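Undergrad: Input: one structure, supplied below.
The values are calculated or read from the model by the stated rules, or taken from the named source; none is laboratory data. The structure presented is a predicted model; accordingly, all values stated were derived computationally and were not measured. When we count neighbours, we look across all protein chains shown, and the Cβ atoms used for this are built from the backbone with ideal geometry, even at glycine. These area figures cover heavy atoms from the full protein model, side chains too; ligands, DNA and RNA do not enter into them. Shrake-Rupley method; radii C 1.70, N 1.55, O 1.52, S 1.80 Å.
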Amino acid sequence: MRTSIRSAILAAALVPICGILLAPSAQAEDVPTPRELLEECDNGSDYCVFHPDGPPKEVKGESHQVGTSVFNCTDAPQTMNVGWSDTDTETNTIGVSMSIEGGFADVFKTSLQVSYSHSWATAHTESQTTAINVAAGRVGWITRQPTLLEVSGRYELHFGKRYYDHYYWYLPFTATSPKGDAGSVTQRTRPMTVDEAKAHCGDALPTTPPLIPPSPPPTRPAGCSAAAWDRADTYTADNQVSHNGHTWKAKWWTQGEKPGTTGEWGVWQDLGAC
C-alpha cells in the first residue's frame with residue numbers, strides 16, 4: 001500500500017516533456033533521450049516494468065501494391081494469376097528494434113505474456129497467388145492492407161541513485177506488431193494507356209475497350225513546386241505532384257488515377273492549394 005501511494009503521488013506530480021514524464025523542476029536539457037532511458041531498463045535501473053494500457057487492439061496498416069501488374073492484351077476477359085510475397089514488421093514510437101534489443105524488449109514482451117497471454121511477433125511474411133479477373137485492354141494489380149496489433153502503455157523505471165536528478169522515470173511507449181494473417185487483399189483494374197499497350201502487348205494491341213489515349217505533356221500549375229501529375233507516370237508512396245492548383249501526395253503505388261477523383265480513402269491525399 002505504501003509503495004502504491006508513493007507511485008500515485010509521483011504520477012500526479014509529473015508533467016510530460018519530450019515524451020518523457022518527470023518532475024516539473026527538471027529542465028529540458030536535463031532529460032535523457034527515450035533511447036538512453038530504455039537502455040537503462042534492467043541494465044542500470046534497479047526496477048523496470050512496462051504497464052500496458054490494455055490488451056492489443058487491431059489497427060490497419062498502409063494499403064500498398066503487392067506483386068507485379070498484369071496486362072490483358074486480348075479482346076476478351078482473362079483470369080490472370082499474380083504471385084506475391086509481403087512482410088509486415090513491428091514498429092514503435094521510439095524507433096528501436098524489438099527483435100534484436102534485450103532489456104526493455106524482454107520486459108515489454110514478458111509484460112504482455114503475463115497480462116494477456118499474448119506473444120509479441122516481430123515479423124510475418126504472407127505469400128499467395130491471387131487470381132484477378134481482368135477485362136480486355138485493362139491492367140490489373142493487387143493491393144494489400146495488413147492487419148496489425150497495437151499496444152500502448154508506459155515504462156516505469158526506478159534508480160537506486162538519481163538518474164538525471166530523478167529516482168523515477170516514466171516513458172510513454174506504443175508499438176505495433178503483425179497479426180499474422182493476410183489482412184485485406186483487393187483486386188484492382190483500370191484501362192491500359194497506349195504507351196503501356198505498346199510496351200506490354202507489342203503488335204497485339206487490344207481494340208476493345210478503347211485504350212486511354214496519350215496525354216499532352218503536363219504543365220506545372222503556377223505557384224506549385226511539385227511536378228505536374230502525368231497519367232503515364234508511375235508514383236509510389238509519398239511521391240508528390242501538382243494538379244488543378246493543389247499539391248497531392250500518393251499513399252501507395254499508382255498509375256493513371258487522377259488526383260481529386262479517388263475520394264478521401266483513395267490513393268491521393270490533398271495537401272492543399274499551392
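Undergrad: Please give the FRET efficiency for A237 paired with S184, using the beta carbon to beta carbon distance and R0 = 22 Å, rounded to the nearest 0.05.
TA: Calculated value: 0.85.
Undergrad: Based on the Cα coordinates of the range 40-181, what is the per residue volume of their convex hull in Å³? Present the calculation step by step, with values, prior to reporting the outcome.
TA: Details: hull volume 15.4 nm³, N = 142.
Dividing the Cα hull volume of the range 40-181 by its residue count gives 108 Å³.
Undergrad: On average, how much area does the Cα convex hull of the range 80-122 cover when viewed from any direction, in nm²?
TA: With the hull built on Cα positions only, its mean projection is 4.8 nm².
Undergrad: Then there's this: K57: which aspartates and glutamates have alpha carbons under 20 Å from its alpha carbon, excluding same-chain residues fewer than 8 sequence positions away?
TA: The qualifying aspartates and glutamates are D88, E90, E150, D181.
Undergrad: While we're here: If the limit is 25 Å between Cα atoms, which of K109/K251; K60/K251; K60/K249; K109/K179 go over it?
TA: K109/K251
Undergrad: Ranked from the most accessible area to the least, with a 1.4 Å probe and all protein chains present, what is the order of L171, L149, L271?
TA: L271, L149, L171
Undergrad: Let me ask you something else. Distance in nm between label sites at Q113 and K60, each 7 Å beyond Cα in the beta-carbon direction?
TA: Simple spin-label model gives 3.4 nm for this pair.
Undergrad: Shifting gears a bit: List the lysines whose alpha-carbon lies under 27 Å from that of K198, not counting same-chain residues fewer than 8 positions away?
TA: By straight Cα distance, K198 reaches K258.
Undergrad: If Lys and Arg each add +1 and Asp and Glu each add -1, what is the summed charge of the other residues whose beta carbon sits under 13 Å from the beta carbon of E126?
TA: Within the 13 Å Cβ shell, the charges total -1.
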